[in-house]
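> Here's a structure for you.
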C-alpha cells in the first residue's frame with residue numbers, strides 16, 4: 001500500500017513540473033525544394049510568396065511543420081533534390097505524371113492545370129499576308145509560269161497583228177519592226193488589262209484582237225483566282241490555334257518539362273531553354289512564333305508582365321495536375337493530404353486560389 005502511495009506521489013510531482021509531462025513534441029522540420037516561377041513561387045529579398053508558398057504555409061500551420069526552402073534552378077533539379085535526400089519535398093508547378101509517380105509519392109492535386117500556347121500580340125493580324133508575303137508569292141515558281149504564259153499570249157498575237165496591220169494605210173503600228181512590234185505588244189498588254197487605247201484597222205487584225213481579248217478575260221480571271229487562293233492558304237498556314245499548327249513554326253519551351261516531352265511526341269521541333277523568361281524575351285523580339293508551357297504560368301504572365309507583348313492562342317490541352325512530391329513511403333505525404341482536404345473543406349484553398357488566379361479555375 002505504501003508503494004502505491006509513493007508511485008502516486010511521484011507521478012503528481014512529475015506532472016506538476018513544467019515541460020516534463022504533457023509537453024507538445026517540437027515542430028517537424030521540413031525542407032522543401034522550390035524554384036522561382038510566378039505565380040507559384042517568387043523571391044524578393046529572401047522573402048518568398050506565391051500560390052505554392054501560401055499552400056505550404058497552410059499545411060505547415062495545420063501539421064506543425066517548420067519549413068525551410070531549398071532554392072534550385074528547375075523542376076528537374078527540385079525532383080533531384082528529393083531523390084538525393086537534400087530535400088524532404090518538392091513543390092511548385094510540378095506535374096503529376098505516370099513516370100514520376102513511380103519515383104515519388106505525390107500529394108493530392110494542389111491545382112488542376114494543363115498546357116497552352118502563347119503568341120506575340122498581333123500575331124493574328126500578322127497572319128494576314130503583307131507586302132513581303134505578296135512579293136514572295138508573286139515571284140514563286142507557279143506564278144512565274146503563269147507570267148510566262150501571259151508573255152507568250154502577248155508576243156505571238158503581237159507579231160500577227162504587226163504583220164497584218166503594217167500594210168494598212170491608217171495602221172495603228174509603224175511599218176518598221178521597231179517600234180512597230182512594241183506598239184502591237186502594248187496593244188496586247190492592254191487587252192490583258194482593261195482594254196487597249198487604240199484598235200487595229202485591218203479586219204484580220206481586228207479578228208485576232210477580238211479573240212485575244214476573249215482569251216485575256218479568261219486568263220486574267222483564272223490568274224486572279226489562283227493568286228487569291230494562294231494568298232488565302234498562306235494566311236491560314238500562318239495562324240496558330242492548336243498544337244498541330246506548331247509544326248514548322250519557331251516554338252520555345254523549357255527543357256526537361258512535360259511541355260517539352262509533349263511537343264517531342266507531337267513531332268514539333270522546339271528551342272528548349274533553361275528558363276521560361278527566355279521564351280518571353282523571344283516572343284517580345286519575335287525570335288519565336290509561339291511558346292508552349294503550363295497554362296497558369298502563361299496566363300499569369302499575359303495578365304501582368306506580358307501585357308502588350310504576348311497573348312494566348314487556342315484552348316488548354318494536355319490537362320494535368322500539380323502536386324507536392326515526397327520520397328516514396330514518406331509519412332509527410334499523408335499529413336499534406338490531410339491538410340489539403342481540410343483546406344478545401346473550410347474554404348481556405350478557394351481563397352488562396354482566388355488570390356492568385358482570380359475567380360474560377362485558372363485552367
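> Given the conditions (1) over 27 Å from the mean Cα position of the chain (by Cα); (2) surrounded by 14 or more Cβ atoms within 10 Å (Cβ to Cβ); (3) at pLDDT 95 or above, report the number of the one that residue 90 does not fulfil.
Of (1) over 27 Å from the mean Cα position of the chain (by Cα); (2) surrounded by 14 or more Cβ atoms within 10 Å (Cβ to Cβ); (3) at pLDDT 95 or above, only one is false for residue 90: (1).
> Just to be sure before I move on: is residue 137 modelled with pLDDT under 70, exposed (fewer than 13 other Cβ atoms within 10 Å of the Cβ) and closer than 25 Å to residue 249 by Cα in the structure I sent?
Criteria not met by residue 137.
> Sticking with this structure for a sec: Is region 350-363 home to any residue that is touching a helix residue (DSSP H, G or I) at 6+ places or on another chain (Cβ under 6 Å), in a helix (DSSP H, G or I) and touching a residue at least 12 places away in the same chain (Cβ under 8 Å)?
yes
> Any idea which of 98, 128, 107 is under 19 Å from residue 320 (Cβ atoms), modelled with pLDDT under 95 and within 30 Å of the chain's Cα centre (by Cα)?
98
> Pairs needed: first member in region 78-89, under 12 Å from residue 330 (Cβ atoms); second member anywhere, assigned to a helix (DSSP H, G or I); C-beta distance under 8 Å; at least 6 residues apart or different chains.
Pairs that qualify, where the first residue is under 12 Å from residue 330 (Cβ atoms) and the partner is assigned to a helix (DSSP H, G or I), are 87/78; 87/81; 88/82; 88/332; 89/82; 89/332; 89/336.
This table checks each residue for (1) touching a residue at least 12 places away in the same chain (Cβ under 8 Å); (2) outside the structural domain of residue 88 (by TED's automatic domain parsing); (3) outside any helix (DSSP H, G or I).
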residue	(1), (2), (3)
263	yes, yes, no
268	yes, yes, yes
287	yes, yes, yes
292	yes, yes, yes
307	no, yes, yes
333	yes, no, no
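> Got a sec? Which helices (runs of 4 or more DSSP H) wholly within region 27-107 have at least 2 residues that are within 25 Å of residue 350 (Cβ to Cβ)?
Result: 51-63.
> A further question follows. Assuming residue 324 fulfils every condition listed in (1) under 29 Å from residue 83 (Cα atoms); (2) more than 33 Å from the chain's Cα centre (by Cα) apart from one, which condition is it?
Condition (2) is where residue 324 drops out.
> Next question. Output yes when any residue across region 195-209 is at pLDDT below 70, loosely packed, with under 12 Cβ neighbours inside 10 Å and either closer than 30 Å to residue 114 by Cα or within 51 Å of the chain's Cα centre (by Cα) (or both), and no when none is.
yes
The values are calculated or read from the model by the stated rules, or taken from the named source; none is laboratory data. Computed from a predicted model, the values in this text were never measured in an experiment. For neighbour counting, all protein chains shown are included, and Cβ atoms are generated from backbone atoms with ideal geometry for every residue, glycine included.
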